[in-house]
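**Q** Let me begin by handing over the structure; questions about it come next.
The values are calculated or read from the model by the stated rules, or taken from the named source; none is laboratory data. Note that the structure is predicted; figures quoted are calculated from it, not measured. Side chains are part of the model used for accessible areas, which takes the heavy atoms of the whole protein and leaves out ligands, DNA and RNA. Shrake-Rupley method; radii C 1.70, N 1.55, O 1.52, S 1.80 Å.
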Amino acid sequence: MAQTATTWSAPMRYDLRGRTILITGAARGIGAELARAAAARGARVAVVGLEPVLLRQLAADLDGHWYECDVTDQAGLDDAVASTVQRYGGVDVVVANAGIANLGTVAGGPVEALVRTIEVNLTGVVRTVSAALPQLLAARGHVLIVSSAAAFAAMPGMAAYCASKAGVEQFGNVLRLENRRRGLTVGTAHPIWIDTDLVRDIRDDLASFRAAQRKLPWPLNTVVSVQRCAEALLRGIERRRRKVYVPRSIALVQALRPVVTSGFSDALITRFGGAELADQMEEEVRHLGRSFGRRSVEGGGCDGGPPGGAGR
């Protein structure tokens, strides 16, 4: 008799009580707030990033585990996962959240800033997932990869950020297809402007960015609190959703992506001063003398840590 193939399906709700969730870019911003929310649901949290003082305090507050690591360092990520397994016995959920954003245009900034943004935002996700994948497959767990609404829309001054986040979305889509039969579920999150140090730094540094943000149509001009974002991501994990939009109206932007990225859209951006804003941004960045936000320079990376493991 021929055997009938069976397809594994995820439970309706993924109870986080007693499960281990590892979060990168967790010293501040979305990552730190998500760790707090997950711990409140009964999860065991492991926070990874590049600010040991903040990570140690967060882990102490949550009775969790912390590890200092740059997401572009494969050996460091492997060790972070191994230490989490040693502490908790496994990893059930990974949130690849670490991300940075360089300042300025392609023509107006050093190429290394563009490359660094892509390395952290995209390569860092690939390395994080690869380090944890054996544990996740064994647990039939869940991966949440933090992309952005920038994966669907283009904005002057965000070439590397938009490119990396579009890449993150597709990496997640393929990872989902490859591992569905093994019981692993994969979601990609698409937040708009979240009120974190990363966004505040850019907004404070560049008048051109503030002007461009004001000209964006709804819902692309929406600003969301970090607490609201963390709760949305956590609900996405609990329901093993393949897409998480923050706010939900960002789903419209993805649905209208052919229009958003069309020649008509390019013409509108040009009409409303896109070229002039790009010129202004180049001048502002030259005046600043740096390619990342103020706290990125003071602490070495976005949201206070060196470029490589900062929380969005």
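**Q** Report the extension gain between R203 and D266 in nm, rounded to one decimal, defined as 0.36 nm multiplied by the number of residues separating them, less their alpha carbon distance.
**A** 20.4 nm
**Q** Just the ratio, please: alpha-carbon radius of gyration of the range 12-65 over 2.2 N^0.38 Å, N its number of residues.
**A** The value comes to 1.05.
**Q** Assuming a ≥ b ≥ c are the square roots of the Cα gyration tensor eigenvalues, decide whether the range 107-174 counts as rounded (a/c under 1.5), prolate (otherwise, with a/b larger than b/c) or oblate.
**A** oblate
**Q** Right, next: Keeping every protein chain present and rolling a 1.4 Å probe, give me the accessible area per residue for the chain in Å².
**A** 43 Å²
**Q** Same structure, new question: Based on the Kirkwood radius over alpha-carbon pairs, what is the Stokes-Einstein translational diffusion coefficient of the range 1-125 at 37 °C with 0.692 mPa s viscosity, in µm²/s?
**A** The diffusion coefficient I find is 204 µm²/s.
**Q** Go from 0 up to the bin containing the longest alpha carbon distance in the chain, width 20 Å each, and give me the % of pairs per bin.
**A** Going from the shortest bin to the longest, the percentages are 35, 55, 9, 0.
**Q** Given the DSSP H assignment, sum -39500 (n - 2.57) over each helix run of at least 4 residues in the chain and divide by its residue total; what's the result at 222 nm in deg cm²/dmol, nearest 500?
**A** Theoretical 222 nm ellipticity from helices: -15000 deg cm²/dmol.
**Q** Taking the radius of gyration and the Kirkwood hydrodynamic radius from Cα positions alone, what is the Rg/Rh ratio for the range 173-250, to two decimal places?
**A** The Rg/Rh ratio comes out at 1.10.
**Q** With all protein chains present, how much of the accessible area of the chain (probe radius 1.4 Å) comes from carbon and sulfur, to the nearest whole percent?
**A** Roughly 55 percent of what the probe reaches on the chain is carbon or sulfur.
**Q** Once the cut-off is 12 Å, how many percent of the Cα-Cα pairs in the range 85-135 end up in the long-distance tail?
**A** Here the tail beyond 12 Å accounts for 68 percent of pairs.
**Q** To continue, here is another question. Please sort through the DSSP H helices of the chain and keep those with an alpha-carbon extent of at least 27 Å along the long axis and a Kyte-Doolittle average not below -0.5.
**A** Length and hydropathy pass: 159-179.
**Q** Now for a different question. Could you work out how far the C-alpha centroid of the range 205-245 sits from that of the range 49-97, in angstrom?
**A** About 25 Å separates the Cα centre of the range 205-245 from the one of the range 49-97.
**Q** From the square roots a ≥ b ≥ c of the eigenvalues of the alpha-carbon gyration tensor of the range 61-106, which class results: rounded (a/c under 1.5), prolate (a/b over b/c), or oblate?
**A** Because a/c hits 1.5 or more and a/b exceeds b/c, the range 61-106 counts as prolate.
**Q** Now for a separate question. Using a Gaussian network model of the chain with C-alpha springs under 10 Å, which one of V174, V115, V45 is most mobile by mean-square fluctuation?
**A** Of the options given, V174 has the highest mean-square fluctuation.
**Q** Along the three principal axes, how long is the range 87-202 when you take its alpha carbons, biggest first, rounded to the nearest angstrom?
**A** 46, 30, 26
**Q** What is the extension gain from R87 to V259, computed as 0.36 nm multiplied by their sequence separation minus the C-alpha to C-alpha distance, in nm to one decimal?
**A** Taking 0.36 nm per residue and subtracting the Cα distance, the gain is 57.1 nm.
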